[in-house]
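I have placed the structure first, in the form of structure tokens, so that the comments after it can refer back to it.
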Amino acid sequence: VQLQASGGGLVQAGESLRLSCAASGITFRMYSMGWYRQAPGKQRELVALISSGGITNYAASVKGRFTISRDSAKNTVDLQMNSLKPEDTGVYYCTAQRVSSIPYWGQGTLVTVSS
């Protein structure tokens with residue numbers, strides 16, 4: 001299983017970034033896909049999740065600014081991040097989850113938002 005994340009970088013507050021994760025080695029349509037992040041010195045936290053049926057769930061801190069989407073033809077999950085804030089800084093991890101199965105994690109992509 002491979003989850004290859006891309007799209008991180010350094011931006012200024014108020015700008016946008018789009019993260020993408022390409023999945024291989026799983027039956028993509030059967031998995032919920034999501035993004036977590038880990039800021040320096042903090043625990044990893046959920047950012048956004050999209051179920052196999054397209055139902056989305058967002059952390060309160062990103063609701064209205066971030067949008068998660070999936071493309072089953074390409075086996076990709078994207079995270080559009082708008083109006084970025086310095087507190088959005090962290091390593092963003094792509095995940096594939098399924099009930100009664102261990103989750104899979106990508107290698108992470110760094111997002112840095114300067115004030």
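The values are calculated or read from the model by the stated rules, or taken from the named source; none is laboratory data. Values in this document were obtained by computation on a predicted structure and should not be read as measured data. For neighbour counting, all protein chains shown are included, and Cβ atoms are generated from backbone atoms with ideal geometry for every residue, glycine included. SASA here: full protein model, heavy atoms, side chains in, ligands and nucleic acids out. Shrake-Rupley method; radii C 1.70, N 1.55, O 1.52, S 1.80 Å.
Structure data summary
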item: Any hit, segment 23-34, residues being surrounded by 13 or more Cβ atoms within 10 Å (Cβ to Cβ), farther than 19 Å from Val91 by Cβ and hydroxyl-bearing (Ser, Thr, Tyr); result: yes
item: Complete set of residues in segment 1-22 that are among the polar types (S, T, N, Q) and either open to solvent by 50 Å² or more (accessible area, probe 1.4 Å) or in contact with a His (Cβ under 9 Å, 6 or more places away or on another chain) (or both); result: Gln2, Gln4, Ser6, Gln12, Ser16
item: Filtered residue count, segment 40-57, keeping only those that are under 18 Å from Pro86 (Cα atoms) and either in contact with a helix residue (DSSP H, G or I) (Cβ under 8 Å, 6 or more places away or on another chain) or not hydrophobic (A, V, I, L, M, F, W, C) (or both); result: 6
item: Some residue of segment 51-59 being aromatic (Phe, Trp, Tyr), open to solvent by less than 30 Å² (accessible area, probe 1.4 Å), modelled with pLDDT of 95 or more and within 12 Å of the chain's Cα centre (by Cα); result: no
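Yes/no matrix, rows are residues, columns are (1) under 15 Å from the mean Cα position of the chain (by Cα); (2) within 17 Å of Leu19 (Cβ to Cβ); (3) open to solvent by less than 60 Å² (accessible area, probe 1.4 Å); (4) free of Cβ contacts under 8 Å to residues at least 12 places away in the same chain:
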residue: Val62; (1), (2), (3), (4): yes, yes, yes, no
residue: Asn75; (1), (2), (3), (4): yes, yes, yes, no
residue: Asp78; (1), (2), (3), (4): yes, yes, yes, no
residue: Met81; (1), (2), (3), (4): yes, yes, yes, no
residue: Lys85; (1), (2), (3), (4): no, yes, no, no
residue: Leu110; (1), (2), (3), (4): yes, yes, no, no
